Amino acid sequence: MAEKAALDQWYCIENLADVPQGGSGNRLLGVDLAIGRAGKSISVSARGRQLPVRQRYGYLWTSLGEPAASDPPAIPEAEESDRRYVPCGAFTVRTSGLRIVENFLDMAHFPFVHTDILGSEPHTEVAHYDCEIRRDVDEVWATNCTFVQPRAALSAGGALKTDYMYRIATPFVTVLYKTCPMATDRWDVIGLFVQPLDPDRCRAHPVMFLIDDAARLADLIGFQQTIFLQDRIILENQRPVLLPLEPRAEIPTRADASSVAYRRWLKEKGLTYGTTLGEGASAA
Ligand SMILES: [Fe+2]
């Protein structure tokens, strides 16, 4: 069983459009879930116990514990009426969910993994950025991030110096704000909701809230799926599969400041599910 720090979180488990009427199954933190749906009314149970349920951002959320927050993290931009809602599907990945979050934060891999899309040689250097654990909201933020990107978004006309902000709202819920090619005074927002199935296996639910009324929905989804599938190859080949939390387990560079802050924050919370300190660590 997962520890309290992991149990007491809200988790996205499915896009509402993909929850069938009647009964269906799902999984979270090593526990099988039963979902029941009648119209828009949805219930989730595990081991015969009803779990709390929320419907946010077009997704179904639940928890096996008692989250401190009454709702999943607020994403105010998601409520703005002029944004395109672009759910990008669910990807099963054979790695720790925490590895996915860390990969999402990492700009250094852009030129090598997302070549000629999110980065290209010789523009490989990660410029200095700021990173902090915001105690008032209990979130990790990385700000003033920049990267030269050949094709930052589907709607980007050419190479663009892209600004980024990363927000880690819960250990498994992260939000990226990046330069919006269509509106210079606003951010495009990309959420990544990670659903840990087991310590070493998870589903990722990427979703975009974009200022872009021109592109076809299928093209927007295809663009993001291309990027995510490139990440999946890297993620599934990382060793160890679980996130190392031992001191000096991996040698960080300056570009890894966000990863260092994230791991410190996880340790402070006592979150070990999906780490080398947690359940299943010896097996993986
Ligand atoms: Fe990536």
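Of note:
- Among the GluC sites (Glu not before Pro) in the range 1-81, those located in a DSSP loop and surrounded by at most 14 other Cβ atoms within 10 Å of their own Cβ are E80.
- Distance between modelled label sites at R254 and S43, nm, 7 Å Cα→Cβ extension: 5.7 nm
- Selection among A142, T275, P76 by position relative to the dipole of the chain gives T275 as farthest towards the positive end (Cβ unit charges, Cα centre).
- Sequence of S41, S120, S24 once ranked by neighbouring C-beta atoms within 10 Å, starting from the fewest: S41, S24, S120
- For the pair A34 and I233, label points projected 7 Å from Cα toward Cβ lie 4.2 nm apart.
- Loop-located trypsin sites (Lys or Arg not before Pro) across the range 87-177 with a Cβ neighbour count of 16 or fewer within 10 Å are R94, R135, with loop assigned by DSSP.
- The local environment of P244, defined by Cβ-Cβ distances under 12 Å, has a net charge of +2 under the rule Lys, Arg +1 and Asp, Glu -1.
- Extension gain for the segment R94 to T184, taken as residue separation times 0.36 nm less the Cα-Cα distance, is 28.7 nm to one decimal.
- The trypsin sites (Lys or Arg not before Pro) of the range 1-76 that meet both conditions, a loop assignment by DSSP and at most 15 other Cβ atoms within 10 Å of the site Cβ, are K40, R47.
- Virtual paramagnetic centre 7 Å along Cα→Cβ of L16, amide N under 13 Å, in the range 48-82: 54-61, 79
- Going from the residue with the fewest nearby Cβ atoms within 10 Å to the one with the most, L229, L197 rank L229, L197.
- Residues E236, E121 arranged by fewest to most Cβ contacts within 10 Å: E121, E236
- Of the residues Q230, V44, L220, the one whose Cα sits farthest toward the positive end of the charge dipole of the chain, with +1 on the Cβ of Lys and Arg and -1 on the Cβ of Asp and Glu, is V44.
Computed from the coordinates by the stated procedures, all read-outs in this text should not be read as laboratory data. All figures in this text were calculated on a predicted structure; none of them were measured in a lab. Glycine also receives a Cβ, built like all others from the backbone with ideal geometry; neighbour counts cover every protein chain displayed.
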